[in-house]
Amino acid sequence: MSEFGKSSTTDEVLAGKDLNGACVFITGGNSGLGQETGRAMAARKARVILAGRNQAKLDEAASAIRAETGSDAVETIICDLGSLDSVRACAAQANERFEKIDVLINNAGIMATAEGTTADGFESQFGTNHLGHFALTKGLMPLIEKGEAKRIVNLSSRGHQICPVNLEDPNFESRDYEPFASYGQSKTANVLFSVGLEQRFAERGIHSYAVHPGGIHTNLGRYMSEEMSAALMKSIEASDPNFAFKSIPQGAATSVWAATADELEGRGGVYCEDCHIAEIDDESRTSGVRSYAVDTGNADTLWAMSEQMTGETFSA
């Protein structure tokens with residue numbers, strides 16, 4: 001289906017594409033995969049909006065992208081996904097400042113954090129990685145509906161294979177907190193959110209994709225101790241003897257592929273890795289998407305729960 005693969009880079013995936021006139025909104029755009037995604041899109045003439053918590057870091061990233069690409073169409077906006085007030089303020093400002101969003105890339109995330117809560121009392125990883133993006137997407141939907149490409153890309157991970165979403169206790173209120181179980185369920189939620197979006201908005205021409213970027217050295221693991229990092233690597237190497245880290249341009253390639261690939265036109269609600277649609281696989285520890293992560297019943301239950309938790313209701 002795709003001419004690209006594990007080693008493809010953002011520039012290779014976007015070679016020959018003209019994104020002039022397209023508007024791309026990227027959360028976590030101030031570093032790592034988000035910044036690289038923004039750079040690659042700006043290099044193909046897209047208008048790029050970088051969203052993040054820290055204005056100084058956003059300014060630095062935007063300046064770097066402008067300097068490398070020669071594009072002046074790089075803007076920033078504050079959004080703290082761990083605060084629904086900040087998310088709503090971001091969405092309100094975006095609807096005032098921008099005419100449309102062609103591609104929304106929900107890229108930001110945290111991983112394996114110590115036990116804690118967001119400003120609204122949600123478990124930190126589930127609250128930031130899923131609920132924050134759920135509320136933000138709702139707020140930005142009027143702009144997405146005005147777009148032409150109408151694509152939403154949600155960054156998930158092979159970490160979704162760790163576990164399903166605990167739909168009875170997503171906030172670890174009645175079970176012991178475990179950092180990787182929390183991360184795993186938040187990444188499963190990112191896939192289920194993509195399925196839920198596709199169910200509700202495909203008829204309006206809006207399509208959604210979950211993306212596993214691969215293993216990359218970014219600041220995602222900044223909350224992990226050396227002991228946790230070592231244990232994670234040992235586990236990865238045991239399950240995948242051929243594992244190799246990707247460069248950041250290789251890691252962001254599947255995001256820009258999902259955002260622009262002609263072969264995905266009119267199709268969504270799928271999980272992508274290495275620039276292709278992954279197969280449903282409940283056994284492999286090296287590839288594929290778990291059936292529980294693309295189950296429409298699970299997606300509906302999570303959607304209803306997310307609406308209740310955030311107070312944000314939206315459908316087509």
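The values are calculated or read from the model by the stated rules, or taken from the named source; none is laboratory data. Since we're looking at a predicted model, the values are computed, not measured. Note: ideal-geometry Cβ built from the backbone for every residue, glycine included; neighbour counts use all protein chains shown. These area figures cover heavy atoms from the full protein model, side chains too; ligands, DNA and RNA do not enter into them. Shrake-Rupley method; radii C 1.70, N 1.55, O 1.52, S 1.80 Å.
Entry comment: accessible area of the stretch 1-71 is 43 Å² per residue, from protein heavy atoms only and a probe of 1.4 Å. Computing Rg and the Kirkwood Rh from the Cα coordinates of the chain gives a ratio, Rg/Rh, of 0.93.
Given a 1.4 Å probe and every protein chain left where it sits, what share in percent of the accessible area of the chain is carbon and sulfur?
Details: 5940 of 12920 Å².
Carbon-and-sulfur percentage of accessible area, whole number: 46.
When +1 charges are put on Lys and Arg Cβ atoms and -1 charges on Asp and Glu Cβ atoms, the dipole computed for the stretch 1-140 relative to its Cα centre reaches about 220 debye.
For the stretch 89-186, divide the Cα radius of gyration by the Kirkwood radius and give the resulting Rg/Rh value with two decimals. Write out the running numbers ahead of the final one.
Working: Rg = 15.2 Å, Rh = 14.6 Å.
Dividing the radius of gyration by the Kirkwood radius yields 1.04.
For A135, what is the net charge nearby, where nearby means another residue's Cβ is under 13 Å from its Cβ and Lys, Arg count +1, Asp, Glu -1? Please list the in-between numbers first.
Working: positive: R88, K138; negative: D80, D85, D120, E307, E312.
Once all neighbours under 13 Å are counted, the net charge is -3.
Each of T128, V48, I162 was placed along the dipole of the stretch 21-165 (beta-carbon charges, centred on the mean Cα), and the one lying farthest toward the positive end is V48.
Cross-link partners for K138 among the lysines, with Cα-Cα distance under 17 Å and sequence neighbours closer than 8 places in the same chain left out: K100, K146, K150. Once the 1.4 Å probe is applied to the protein heavy atoms, the stretch 249-316 comes out at 41 Å² accessible per residue.
When cysteine pairs in the chain are screened for C-beta atoms closer than 4.7 angstrom, the residues that find no partner are C23, C163, C272, C275.
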